[in-house]
């Protein structure tokens with residue numbers, strides 16, 4: 001498979017909430033008919049500042065480096081024309097090249113926080129000198145595959161709640177993620193979510209090979225009803241991992257927060273790209289899904305991965 005190589009910087013975030021009606025801490029009262037079973041919800045983030053985008057060269061420059069600024073500029077222009085409040089970040093693991101648009105804007109995580117909780121559970125077990133227990137996996141599987149809120153709450157408390165996940169985030173290098181005791185209201189950025197995704201594949205990072213394998217297995221086997229977002233980018237022969245988040249709250253005027261994080265890979269190793277798209281102020285869950293998928297597809301179109 002041929003693909004262009006590009007160069008750049010940054011990263012971004014996600015969504016959920018325990019006081020809303022989305023996929024995370026409270027059942028949704030407005031469940032789109034095409035989503036089943038609707039697990040639980042995610043809260044919507046506050047208004048985002050004016051658009052900004054950033055790119056930075058990778059440490060290994062190539063003869064395609066000259067193409068990158070032009071590609072990034074064209075993508076910035078395309079994203080600026082997309083209506084909605086969103087951010088996006090992309091990391092090409094093969095080249096180390098990064099791209100972010102509004103990557104430092106803070107959003108509520110909603111259920112994408114569950115990927116973070118899973119990583120903290122695995123680090124908790126590593127510190128104890130053993131792998132995940134059967135009882136932990138009995139919670140982790142529905143938490144990731146079905147976005148089960150009760151399972152997430154149990155594991156969140158198991159790893160120490162707000163303080164425990166906060167300490168875990170520091171190990172993972174998440175510097176702009178603020179944990180809330182209602183885990184779905186945790187605030188994050190697209191840049192931090194890309195950092196989290198990069199730790200899921202980093203052979204020299206805090207997560208050992210068994211933990212990274214567990215994360216991949218769970219995020220690549222999410223229920224069919226929830227395989228929107230990042231999986232919508234996958235081409236024939238590619239594997240997508242994903243964790244999505246969605247929520248609406250009365251505090252946000254009934255508007256929806258919709259987020260997607262995940263990774264694309266292929267058997268040849270030509271594709272190894274992590275993507276995160278965060279959004280809020282969507283009029284419905286379905287319109288939020290349409291937005292994050294449109295944004296994600298534009299990154300692939302213009303960056304050529």
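Observations
- Residue match in the stretch 76-99 (condition: part of a helix (DSSP H, G or I) and more than 17 Å from residue 302 (Cα to Cα)): no
- A single member of 83, 49, 57, 69 is modelled with pLDDT of 85 or more and either closer than 20 Å to residue 200 by Cβ or over 19 Å from the mean Cα position of the chain (by Cα) (or both), and it is 83.
- Filter result for the condition that a residue is at pLDDT below 95, surrounded by 24 or more Cβ atoms within 10 Å (Cβ to Cβ) and within 17 Å of the chain's Cα centre (by Cα), over 114, 98: 98
- Within the stretch 117-135, being surrounded by fewer than 17 Cβ atoms within 10 Å (Cβ to Cβ) and closer than 23 Å to residue 193 by Cβ holds for one residue alone: 126.
- Qualifying residue in the stretch 109-116 (condition: more than 16 Å from residue 262 (Cβ to Cβ) and touching a strand residue (DSSP E or B) at 6+ places or on another chain (Cβ under 6 Å)): no
- Test: residue 151 is in contact (Cβ under 8 Å) with a residue 40 or more places away in the chain and either touching a helix residue (DSSP H, G or I) at 6+ places or on another chain (Cβ under 6 Å) or surrounded by 16 or more Cβ atoms within 10 Å (Cβ to Cβ) (or both): no
- Given (1) surrounded by fewer than 23 Cβ atoms within 10 Å (Cβ to Cβ); (2) touching a residue at least 24 places away in the same chain (Cβ under 8 Å), index of the condition residue 138 fails: (2)
- Selection from the stretch 233-255 of residues that are closer than 18 Å to residue 87 by Cβ and either at pLDDT 95 or above or surrounded by fewer than 22 Cβ atoms within 10 Å (Cβ to Cβ) (or both): 233, 242, 243, 244, 245, 246, 252, 255
- When residues in the stretch 172-189 are screened for being in a helix (DSSP H, G or I) and out of contact with any helix residue (DSSP H, G or I) (no Cβ under 6 Å at 6 or more places or on another chain), 1 of them pass.
- Of all residues making up the stretch 154-166, the number that are closer than 17 Å to residue 207 by Cβ and either surrounded by fewer than 16 Cβ atoms within 10 Å (Cβ to Cβ) or under 17 Å from the mean Cα position of the chain (by Cα) (or both): 1
The values are calculated or read from the model by the stated rules, or taken from the named source; none is laboratory data. Because the structure is a prediction, the values reported are computed rather than measured. Neighbour counts are summed over all protein chains in view; Cβ atoms, including those assigned to glycine, are modelled from backbone coordinates with ideal geometry.
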